[in-house]
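Asker: This is the structure I want to talk about, given as structure tokens.
The values are calculated or read from the model by the stated rules, or taken from the named source; none is laboratory data. It should be emphasised that the depicted structure is a prediction, and the values quoted were computed from it without experimental measurement. Here the Cβ is made from the backbone with ideal geometry for all residues, glycine too, and neighbour counts use every protein chain on show.
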């Protein structure tokens with residue numbers, strides 16, 4: 001597509017694949033979730049590029065980024081990769097948007113690399129962790145979907161997905177390394193995102209889904225109480241894959257924060 005560029009960035013011997021949309025406005029790094037290669041979020045990036053320059057990351061173990069054996073897949077690993085992208089591309093202090101796993105990565109990035117993040121948007125981050133309720137989606141669900149897509153079988157998607165979104169997800173799910181997904185899902189339960197939140201100094205927006213089952217109102221309140229400069233927006237009629245359920249509501253919540 002004419003409005004899309006793609007390239008690789010090598011950071012500490014890790015080859016990371018990036019999609020770029022737009023050429024003007026603030027620099028924004030978008031980090032998708034546990035089984036969402038960058039291309040599956042292109043429709044979101046394309047809309048946001050009307051007012052910003054959007055870089056969408058294939059996290060290690062997904063899409064066209066490094067998938068070699070022996071890589072580790074902790075939140076800290078992903079945050080370090082994201083920091084490398086911002087530095088290697090000379091983005092200065094970027095706005096960071098993370099969805100689901102990507103939101104936990106964004107929180108760690110903002111906490112550990114405050115000079116690299118000017119604003120942070122956390123979209124429906126898993127609140128699971130030690131002593132907390134488990135993440136509602138089981139690991140086997142993700143592994144089964146990868147296998148189904150690899151065999152060319154139909155994969156489970158929400159009714160709101162467009163035919164193009166279903167096609168892209170089916171094509172790109174097999175690029176999600178199962179060991180990377182397994183380690184990432186384990187980190188949802190072994191790592192505590194709430195330890196990162198008080199360290200975030202930049203303005204931070206929590207966007208959460210009213211029907212996602214990932215963040216309850218009480219969770220949102222706890223997140224707010226741990227942020228130094230936080231605001232929240234609840235999008236009631238959507239599930240966890242918020243922009244796939246209603247792109248306009250998601251853009252309406254996120255876009256003003258980019259200005």
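Asker: Could you list, in sequence order, all residues of the stretch 204-222 that are touching a helix residue (DSSP H, G or I) at 6+ places or on another chain (Cβ under 9 Å) and within 17 Å of residue 98 (Cα to Cα)?
Answerer: Across the stretch 204-222, the qualifying residues are 204, 205, 206, 207, 208, 209, 212, 215.
Asker: If the requirement is being under 24 Å from residue 75 (Cα atoms), touching a strand residue (DSSP E or B) at 6+ places or on another chain (Cβ under 6 Å) and surrounded by fewer than 16 Cβ atoms within 10 Å (Cβ to Cβ), which of these qualifies: 216, 224? It would help to see each step written out before you state the result.
Answerer: Values: 216 fails: touching a strand residue (DSSP E or B) at 6+ places or on another chain (Cβ under 6 Å).
Criteria check complete, one pass: 224.
Asker: Something else: Restricting attention to the stretch 91-131, which residues are surrounded by fewer than 24 Cβ atoms within 10 Å (Cβ to Cβ) and assigned to a helix (DSSP H, G or I)?
Answerer: 111, 112, 114, 115, 116
Asker: Select from the stretch 242-258 the residues that are buried (at least 22 other Cβ atoms within 10 Å of the Cβ) and more than 19 Å from residue 50 (Cα to Cα) and list them in ascending order.
Answerer: Listed by number, the list holds a single entry, 242.
Asker: Please pick out the residue among 147, 196 that is over 24 Å from residue 238 (Cα atoms), at pLDDT 95 or above and more than 17 Å from the chain's Cα centre (by Cα).
Answerer: Going through 147, 196 in turn, the sole match is 147.
Asker: Looking at the stretch 160-188, which of its residues are within 16 Å of residue 105 (Cβ to Cβ) and surrounded by fewer than 19 Cβ atoms within 10 Å (Cβ to Cβ)?
Answerer: 183, 186
Asker: Cβ-Cβ below 7 Å, separation at least six or inter-chain, first residue in the stretch 179-193 and closer than 13 Å to residue 77 by Cβ, second assigned to a helix (DSSP H, G or I): which pairs?
Answerer: 184/101; 187/75; 191/75
Asker: Name the residues in the stretch 155-203 that are touching a helix residue (DSSP H, G or I) at 6+ places or on another chain (Cβ under 7 Å) and part of a loop (DSSP other than H, G, I, E, B), would you?
Answerer: Taking the stretch 155-203 first, the residues touching a helix residue (DSSP H, G or I) at 6+ places or on another chain (Cβ under 7 Å) are 155-158, 160-161, 165, 168-170, 172-174, 176, 178, 181-182, 184-185, 187, 191, 193-194, 196-202.
Those that are touching a helix residue (DSSP H, G or I) at 6+ places or on another chain (Cβ under 7 Å) and part of a loop (DSSP other than H, G, I, E, B): 155, 156, 157, 158, 160, 161, 176, 191, 196, 200, 201, 202.
Asker: Sort out which residues of the stretch 64-80 are buried (at least 24 other Cβ atoms within 10 Å of the Cβ) and more than 21 Å from residue 189 (Cβ to Cβ), and write them in order of number.
Answerer: Once the filter is applied, which keeps residues that are buried (at least 24 other Cβ atoms within 10 Å of the Cβ) and more than 21 Å from residue 189 (Cβ to Cβ), the stretch 64-80 yields only 65.
Asker: Given the structure, is residue 125 touching a residue at least 12 places away in the same chain (Cβ under 8 Å) and touching a helix residue (DSSP H, G or I) at 6+ places or on another chain (Cβ under 7 Å)? Give the derivation first.
Answerer: Working: touching a residue at least 12 places away in the same chain (Cβ under 8 Å): yes; touching a helix residue (DSSP H, G or I) at 6+ places or on another chain (Cβ under 7 Å): yes.
Yes, satisfied.
Asker: Count, please, the residues in the stretch 223-246 that happen to be touching a residue at least 40 places away in the same chain (Cβ under 8 Å), out of contact with any helix residue (DSSP H, G or I) (no Cβ under 7 Å at 6 or more places or on another chain) and assigned to a helix (DSSP H, G or I).
Answerer: 1
Asker: Right, next: Name the strands (runs of 3 or more DSSP E) wholly within the stretch 1-90 that hold at least 2 residues that are more than 22 Å from residue 125 (Cα to Cα), at pLDDT 95 or above and in contact with a strand residue (DSSP E or B) (Cβ under 8 Å, 6 or more places away or on another chain)? Lay out the reasoning, then the answer.
Answerer: Numbers: elements: 4-11, 14-21, 27-31, 53-58.
Qualifying strands (runs of 3 or more DSSP E): 4-11, 14-21.
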